[in-house]
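Engineer: To start, I am sharing the structure in question, which I have written as structure tokens.
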Amino acid sequence: MLLPFKSLLVFEAVTRNKSFTKAAEELNVTQSAISHQIRNLEDYFNTKLLDRSGVGIALTEEGEILYKDLSASMALLRRGVGSLKANLALTPIGISVRSHFALKWLSSRLRAADFSYDFRFFHSNDSADFSNADVHVSIEWLHVAEVPVNARLIVSGNLTPACHPSLLEGIDDPADPKLLQRFALLHEADVTSWQEWLQLAGVDGLSPLRNEYYSDTNVRQQAAIEKQGFALVCPELIADDVAEGKLVCPFQQSLDSYSYYLIVPDDRLNIAKVRDFVHWLSHVM
């Protein structure tokens, strides 16, 4: 016959608290439920464990025997649970995220939020590997056609060209996309995004001064700040650079195809601080 663990838990709580009422409050059940579990345990051992004939609660001889080892076992169990909780509390939340998004949007907001727990960043342009237990959430740059159902939009992509303000000095119409033929276009791995934007702006046959390619978004944007040419950017991610006069977005057209999304597996949401982080992120956007 299986041990009646629920009844043992109740018996330990009643004996330790010396009260049915306090045990019921601790276990969040009714006093009648407590009495029922004690009867179950006494039926299981076929002996009385508690003497309720006098004032208060007293253990019978058999009850003393049971409680001695049960008390030690429960104390050990509570210590183990406490150690696990402490370990989980100290474990940083692992965030898989592009370095550009972490640098330009996420890091400053995390510092301002002043969380009581730590974070570990895994910088990658690829989708998160959630087989790694240290990765709890992922912020990914996804095309609208490939967004999974459990993804939450954080920042819209709406790409538009940006450059150092000095490049526009002396230009009669700085909002005319045709001016791009005078400058270098700063690309990532390929020209796809720029081709789509030029088509959107009605200048898809435009030939720039030259094309430059950067595998790192941060380096590409820094090249734009250093007056090397025009880079496609997310306006929300360069707000500080615009405010400081390092970049300007002169055109009205914005290409909306990719955006930043939060992805959290269901099992990670079982962790309280992950839920807290997701709640915070959904309100800071």
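The values are calculated or read from the model by the stated rules, or taken from the named source; none is laboratory data. Note that the structure is predicted; figures quoted are calculated from it, not measured. With ideal geometry, Cβ positions are generated from the backbone for all residues, glycine too; neighbour counts draw on all protein chains shown. With ligands, DNA and RNA removed, areas are computed over all heavy atoms of the protein, side chains included. Shrake-Rupley method; radii C 1.70, N 1.55, O 1.52, S 1.80 Å.
Engineer: Taking residue 219 and the conditions (1) assigned to a loop (DSSP other than H, G, I, E, B); (2) under 26 Å from residue 110 (Cα atoms); (3) not small (Gly, Ala, Ser), which numbered condition does it fall short on, given that it satisfies the others?
Structural biologist: (1)
Engineer: Let me ask something else. Kindly list, by first and then second residue, each pair from a residue in the range 196-223 that is closer than 20 Å to residue 166 by Cβ and in contact (Cβ under 8 Å) with a residue 12 or more places away in the chain to a residue that is open to solvent by 30 Å² or more (accessible area, probe 1.4 Å) and of a type in the set (A, V, I, L, M, F, W, C), limited to pairs with Cβ atoms under 9 Å and residues at least 6 apart or on different chains.
Structural biologist: As it stands, the answer is 208/183; 209/183; 210/183, since those pairs meet every condition given.
Engineer: Additional query: Out of (1) in contact (Cβ under 8 Å) with a residue 12 or more places away in the chain; (2) closer than 30 Å to residue 150 by Cβ; (3) of a type in the set (Asp, Glu), the odd one out for residue 226 is which?
Structural biologist: Unmet for residue 226, out of (1) in contact (Cβ under 8 Å) with a residue 12 or more places away in the chain; (2) closer than 30 Å to residue 150 by Cβ; (3) of a type in the set (Asp, Glu): (2).
Engineer: May I pose another question? Against the definition (under 24 Å from residue 124 (Cβ atoms) and buried (at least 17 other Cβ atoms within 10 Å of the Cβ)), how does residue 277 come out, yes or no? Reasoning before the result, please.
Structural biologist: Values: under 24 Å from residue 124 (Cβ atoms): yes; buried (at least 17 other Cβ atoms within 10 Å of the Cβ): yes.
Criteria met by residue 277.
Engineer: Let me ask you something else. Among the strands (runs of 3 or more DSSP E) confined wholly to the range 30-145, which include 1 or more residues that are open to solvent by less than 30 Å² (accessible area, probe 1.4 Å) and not aromatic (Phe, Trp, Tyr)? Before you say what the answer is, go through the steps one by one.
Structural biologist: Numbers: elements: 93-97, 119-123, 137-143.
Qualifying strands (runs of 3 or more DSSP E): 93-97, 137-143.
Engineer: Give the number of residues within the range 238-273 that are open to solvent by less than 20 Å² (accessible area, probe 1.4 Å) and part of a helix (DSSP H, G or I).
Structural biologist: Here the count works out to 2.
Engineer: Under the condition of being in contact with a Ser or Thr (Cβ under 6 Å, 6 or more places away or on another chain) and under 24 Å from residue 279 (Cα atoms), which residue from the range 154-180 is most open to solvent (accessible area, probe 1.4 Å)?
Structural biologist: 156
Engineer: How many residues are surrounded by 11 or more Cβ atoms within 10 Å (Cβ to Cβ), over 16 Å from residue 159 (Cα atoms) and under 36 Å from the mean Cα position of the chain (by Cα) if we restrict to the range 192-223?
Structural biologist: Adding up the residues that qualify gives 7.
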